[in-house]
Amino acid sequence: MNLNLPLYSPLTNTGSAIYVGTKGVGTAGIFVINTGFNEFVASEASCPNHAPNDCSTMVLNGQTATCACDDYEYSLYTGQMLNRPDDGKRYYDMLIYRTAFSGNILSVSN
């Protein structure tokens, strides 16, 4: 991602996040957030607690992602589930991808 391009320019600001839904990027796209000091976190946009379906692509909500299936919320900084139910079942955090930043180019890989 070239951060000079308007589509990705929000990532030049600390705390700003974007959704990249380009075909072939992740299972359901990815979320990318600028965590400061030229560091970025990229995470899968498909809810980790559902098989991919019509509602499992999460929605960007500031610095969190929300699953449309059941309103599970995840931190884009850590990928951690923020409202984990206390029902004894196993729940998963977001899948985090590797990032590399050089110049104004951000690369995301798995």
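Tell me which residues, restricted to the stretch 17-33, are without any contact (Cβ under 8 Å) to a residue 24 or more places away in the chain and touching a Ser or Thr at 6+ places or on another chain (Cβ under 9 Å).
none
Which residues, taken from the stretch 1-46, are in contact with a Leu (Cβ under 7 Å, 6 or more places away or on another chain), of a type in the set (Ser, Thr, Tyr) and part of a strand (DSSP E or B)?
19, 43
Within the stretch 30-56, restricting attention to residues that are among the small types (Gly, Ala, Ser) and surrounded by 12 or more Cβ atoms within 10 Å (Cβ to Cβ), which residue is farthest from residue 76 (Cα to Cα)?
If we take residues in the stretch 30-56 being among the small types (Gly, Ala, Ser) and surrounded by 12 or more Cβ atoms within 10 Å (Cβ to Cβ), then 56 is farthest from residue 76 (Cα to Cα).
Can you confirm whether the stretch 83-99 contains a residue that is in contact with a helix residue (DSSP H, G or I) (Cβ under 9 Å, 6 or more places away or on another chain), surrounded by 12 or more Cβ atoms within 10 Å (Cβ to Cβ) and touching a residue at least 24 places away in the same chain (Cβ under 8 Å)?
Scanning the stretch 83-99, I find no residue that is in contact with a helix residue (DSSP H, G or I) (Cβ under 9 Å, 6 or more places away or on another chain), surrounded by 12 or more Cβ atoms within 10 Å (Cβ to Cβ) and touching a residue at least 24 places away in the same chain (Cβ under 8 Å), so the answer is no.
Given the stretch 53-110, what strands (runs of 3 or more DSSP E) lie entirely inside it while holding 2 or more residues that are closer than 24 Å to residue 14 by Cα and polar (S, T, N, Q)?
Here the list reads 64-66, 96-102, 105-109.
If you take the residues of the stretch 57-71 that are among the small types (Gly, Ala, Ser) and surrounded by 14 or more Cβ atoms within 10 Å (Cβ to Cβ), which of them is nearest to residue 82 (Cα to Cα)? Lay out the reasoning, then the answer.
The first filter runs over the stretch 57-71 and keeps only residues among the small types (Gly, Ala, Ser), leaving 62, 65, 68.
Adding the requirement that they be surrounded by 14 or more Cβ atoms within 10 Å (Cβ to Cβ) leaves 65, 68.
Details: 65: 10, 68: 15 Å.
Within the stretch 57-71, the match that is nearest to residue 82 (Cα to Cα) is 65.
Read the figures in this text as sums done on the coordinates, not as results from a lab. None of the values given here were measured: they were computed from a predicted structure. Note that each Cβ is placed from the backbone with ideal geometry, even for glycine, and that neighbours are counted across all protein chains shown.
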